[in-house]
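One structure is given here, and the rest of the page talks about it.
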Amino acid sequence: MNFIVAVLSLFAIALVMMAVLAPLESLGWWAGWFPSPSADRHGLSLDPVTGPLSSDSRFVVFLTGIGSMKAEVHIPEERVFLDHLIVRLPQIEIVDDIYPYSVTNTALTGNRIFSAFWRLVFRGKEARRPWGLIGNVRNMFQVMVSSDHRYGVMYDRGTTEIVLHGLARHGYPFGSGTPVYLLGYSGGGQIAMGCASLVAEKLNAPVRIISLAGVFCSDPGQVDVEHIYHIHGSRDKVERLGRIIFPGRWPIMKNSFWNQAREEDRVTIIHMGDMTHNGPGSYLDADTTVDGVHSYLDKTVEEIAGIVTETGASLPPIPEQA
Amino acid sequence: MIASLVAASRVQVWDIIAAFFTGSADPIELLSSAANWRSLVIWLVVLAGLSEAIGQSVVLFANQVKPMRFVLSLLISALLNAVNFLIWVTLFWLFSTRILAAAVPSKMLFIVIGVSYIPLLLGFLGFLPYAGQPILQILYVWSYGLMAVYIGRLDGVEFNQAVSLAVIGLVSVLFIRALTGRLLNSIAHWAMDVTSGRKLMLDVNEAVTQITLAMTNNKPDAPQSTENGQSDEGKSS
């Protein structure tokens with residue numbers, strides 16, 4: 001009995017310490033304590049567009065869920081989802097090499113002091129061992145850092161820089177006003193909310209958020225963002241948790257940023273039936289079918305394609321950019 | 001437990017902290033029987049101040065304070081907390097004895113107010129993302145509440161005086177702070193500015209915005225994007 005109590009106490013202490021240390025990476029980056037090779041704290045001066053542009057040119061920045069531990073999308077369901085999206089939208093460029101839970105875009109298994117530990121966790125994750133979830137917990141704390149108004153202001157500047165660098169890598173024509181869609185899955189929804197207005201300001205282009213089962217707070221960025229599409233299913237308990245734990249999402253908090261955005265009709269909620277957050281029956285499930293033919297994954301891809309091409313049946317018209 | 005500790009004559013600060021959090025002994029009793037009660041109380045207050053400073057250190061990060069100066073600022077903040085405590089105890093004692101005419105022994109007042117700082121040893125939890133600020137508020141309420149309860153238990157304080165002290169306690173804190181606050185704040189800010197090496201902006205948003213503006217104006221170079229976006233040099237935990 002004493003042994004169990006001791007183990008549980010150690011586990012609780014480790015969890016609290018992990019949470020307490022969570023803001024250190026982004027705050028240290030902002031304060032200049034750590035070198036920042038792929039993202040900097042300075043204002044970007046980006047090269048203007050040089051080549052001809054097609055009018056239906058679009059960029060989608062994929063911000064992965066908290067299960068991710070690498071910069072490239074490595075979770076099989078997410079990879080299949082993006083592949084389907086690329087097939088459905090061949091004219092769209094998808095930025096899929098961003099690790100949004102590090103302000104320097106340094107993946108957990110990348111060049112870090114504790115990368116050996118994280119590689120061990122990654123192997124555990126691939127083998128579906130319980131300790132493989134440590135990476136999820138670590139990333140969940142980063143979502144909390146972004147949602148904390150004290151830290152978010154610095155964290156969001158970091159993610160803004162890595163999104164801009166990601167767009168640059170994928171050939172985004174800066175200065176062209178080409179629309180950008182920040183597609184945040186699960187915890188990536190919060191990252192998208194945090195950096196969207198800053199990205200829009202830097203690009204001087206329309207930036208819209210697609211929150212795929214996003215877990216996010218009432219973020220100041222929601223006041224400025226052009227439009228938010230929030231996709232969720234009725235059996236998604238994780239997404240629902242976000243609506244509960246962040247008071248600014250409660251309908252009674254009329255003056256919250258989220259409710260202001262909703263009041264101004266800049267939020268479109270898209271119901272996906274009885275979809276769950278992950279696993280069988282989820283948004284990315286390629287096996288379960290909606291009508292015996294099309295899978296849940298197909299439906300999700302179709303909804304997102306409709307948003308990006310602005311042809312979705314139930315979508316409101318997007319205002320002209322001034 | 002108490003007997004063994006007192007027999008050793010010098011109680012360690014960890015004994016007091018452990019007694020408080022585990023409930024194994026009364027920390028006030030332990031302190032009042034210890035030979036080194038003065039230094040123990042000061043240690044408690046300094047450590048609580050240090051922990052609280054860590055919990056609120058986001059301001060230092062936002063102002064881009066360098067690591068050495070960061071540590072110095074935390075230490076100065078902890079010492080200022082002790083100075084605050086001494087002024088507070090003195091004024092509280094004068095208020096109790098002169099205005100409320102309570103026979104409050106200064107040693108006990110020193111000890112009980114010192115012990116009421118112990119919850120603030122958890123002030124570092126203020127650094128927790130999202131939950132940090134509410135936790136800090138709870139710790140302050142816990143600390144003030146303890147003080148009121150402990151003062152009520154003091155010998156020489158009658159029930160009505162204890163109630164008055166408990167109720168007026170918070171008001172008096174505000175009163176004392178209003179009297180001394182401006183001067184103390186000026187000294188504290190000056191000390192923090194000196195140790196941090198820059199004029200600190202206490203509003204995190206303002207600090208980040210101002211620094212970003214200054215950087216944007218001073219650094220026109222475009223970033224060089226890498227092929228894969230992965231860090232080659234960056235080290236972070």
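A few remarks follow.
- Within the range A:100-132, being assigned to a loop (DSSP other than H, G, I, E, B) and either touching a strand residue (DSSP E or B) at 6+ places or on another chain (Cβ under 7 Å) or surrounded by fewer than 16 Cβ atoms within 10 Å (Cβ to Cβ) (or both) holds for A:Pro100, A:Ile113, A:Phe114, A:Ala127, A:Arg128, A:Arg129.
- Qualifying residues in the range B:119-154 (those that are over 29 Å from A:Gly152 (Cα atoms) and of a type in the set (Phe, Trp, Tyr)) - the one most open to solvent (accessible area, probe 1.4 Å): B:Tyr144
- Restricting the range A:282-311 to residues that are among the aliphatic types (A, V, I, L, M) and more than 20 Å from A:Ser186 (Cα to Cα), the residue that is least open to solvent (accessible area, probe 1.4 Å) is A:Val290.
- Unique match (being surrounded by fewer than 20 Cβ atoms within 10 Å (Cβ to Cβ) and at pLDDT 90 or above) among B:Ile87, B:Ile54: B:Ile54
- Given (1) farther than 18 Å from A:Phe34 by Cα; (2) open to solvent by 20 Å² or more (accessible area, probe 1.4 Å); (3) touching a helix residue (DSSP H, G or I) at 6+ places or on another chain (Cβ under 8 Å), index of the condition A:Ile94 fails: (2)
- Some residue of the range A:87-97 being in a helix (DSSP H, G or I) and more than 7 Å from chain B (Cβ to nearest Cβ): yes
Conditions (1) touching a strand residue (DSSP E or B) at 6+ places or on another chain (Cβ under 6 Å); (2) assigned to a helix (DSSP H, G or I); (3) farther than 30 Å from A:Gly32 by Cα; (4) of a type in the set (Ser, Thr, Tyr), marked per residue:
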residue: B:Val45; (1), (2), (3), (4): no, yes, yes, no
residue: B:Ala48; (1), (2), (3), (4): no, yes, no, no
residue: B:Ala53; (1), (2), (3), (4): no, yes, no, no
residue: B:Val65; (1), (2), (3), (4): no, no, no, no
residue: B:Ile76; (1), (2), (3), (4): no, yes, no, no
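- For the range B:16-39, the criterion of being within 14 Å of chain A (Cβ to nearest Cβ) and either more than 21 Å from A:Met17 (Cα to Cα) or open to solvent by less than 40 Å² (accessible area, probe 1.4 Å) (or both) is met by none of the residues.
- Lone unmet requirement of (1) part of a helix (DSSP H, G or I); (2) open to solvent by 10 Å² or more (accessible area, probe 1.4 Å) for A:Pro251: (1)
- Subset of the range A:101-117 [among the hydroxyl-bearing types (Ser, Thr, Tyr) and either under 22 Å from the mean Cα position of the chain (by Cα) or facing chain B (nearest Cβ under 9 Å) (or both)]: A:Tyr101, A:Ser102, A:Thr104, A:Thr106, A:Thr109
- Within the range A:146-240, helices (runs of 4 or more DSSP H) holding 2 or more residues that are within 14 Å of chain B (Cβ to nearest Cβ) and surrounded by 24 or more Cβ atoms within 10 Å (Cβ to Cβ): A:149-169, A:188-203
- For the range B:22-32, filtered to residues that are assigned to a helix (DSSP H, G or I) and without any contact (Cβ under 8 Å) to a residue 40 or more places away in the chain, the residue that is nearest to B:Arg153 (Cα to Cα) is B:Glu29.
- Residue check, A:Thr276 free of Cβ contacts under 8 Å to residues at least 12 places away in the same chain and farther than 24 Å from A:Cys195 by Cα: no
- Criterion violated by A:Gly135 - all others in (1) farther than 26 Å from B:Gln64 by Cα; (2) open to solvent by 10 Å² or more (accessible area, probe 1.4 Å); (3) of a type outside the set (Lys, Arg) satisfied: (2)
- Test: residue in the range A:34-57 that is touching a helix residue (DSSP H, G or I) at 6+ places or on another chain (Cβ under 7 Å), at pLDDT 70 or above and within 14 Å of another protein chain (Cβ to nearest Cβ): yes
- Tallying residues that are among the small types (Gly, Ala, Ser) and at pLDDT 90 or above within the range A:294-322 yields 3.
The values are calculated or read from the model by the stated rules, or taken from the named source; none is laboratory data. Predicted model, so just to flag it, every value in this text is computed and none were measured. Backbone-built Cβ (ideal geometry, glycine too); neighbour counts: all protein chains shown. Heavy atoms of the whole protein, side chains included, go into the accessibility calculation; ligands, DNA and RNA do not. Shrake-Rupley method; radii C 1.70, N 1.55, O 1.52, S 1.80 Å.
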